[in-house]
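The values are calculated or read from the model by the stated rules, or taken from the named source; none is laboratory data. These numbers come from a predicted model, not from an experiment. Because the Cβ atoms are built from the backbone with ideal geometry, glycine has one as well, and the counts that use them run over all protein chains shown.
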Amino acid sequence: MKSVKTFSILALWLASGAALAACDETDSDRRPSSRFVLNGGEAYDQQTGLTWSRCTAGSTWSSDAGCTGDAKLMRLDEAKQFAQEMGGGWRLPTIAELHSISNRNVPILRSTPPCFQR
């Protein structure tokens, strides 16, 4: 089976809110799902067969620090070109693919994020 790699530029828009929502890993809705196999800067989705980049465009994966560097803001045509230039079969995900990894139980923004309640 051919592995398809996807690169989510939408994550650029959601990165700051998602980081706040993900900071409390004691909540079972926020823990990484066992459906994903992590391998460095990639996450393989066993349910869909897709491989996702763990970092946004412009940042790189570090096992010590996670994603480091500044995210790049791009128009859609620029994002498609960026993914193509990455090589290795990377492309932008479809809306359905992006929706397949969303978790509606975890809001992007909260009135009081758990990180600030400590």
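Structure summary
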read-out: Test set (1) touching a residue at least 60 places away in the same chain (Cβ under 8 Å); (2) in a loop (DSSP other than H, G, I, E, B); (3) among the hydrophobic types (A, V, I, L, M, F, W, C) - residue 57 fails condition number; value: (1)
read-out: Search result, residues across region 73-118 that are assigned to a loop (DSSP other than H, G, I, E, B), at pLDDT below 90 and surrounded by 10 or more Cβ atoms within 10 Å (Cβ to Cβ); value: 101, 102, 103, 106, 107, 108, 109, 110, 113
read-out: Test: residue in region 57-66 that is among the hydrophobic types (A, V, I, L, M, F, W, C), modelled with pLDDT of 90 or more, under 20 Å from residue 33 (Cα atoms) and exposed (fewer than 13 other Cβ atoms within 10 Å of the Cβ); value: no
read-out: Residue that is at pLDDT 60 or above and either in contact with a Leu (Cβ under 7 Å, 6 or more places away or on another chain) or of a type in the set (A, V, I, L, M) (or both), where the choices are 43, 19, 15; value: 43
read-out: Any chance residue 3 is at pLDDT below 90, among the small types (Gly, Ala, Ser) and either over 12 Å from the mean Cα position of the chain (by Cα) or surrounded by 15 or more Cβ atoms within 10 Å (Cβ to Cβ) (or both); value: yes
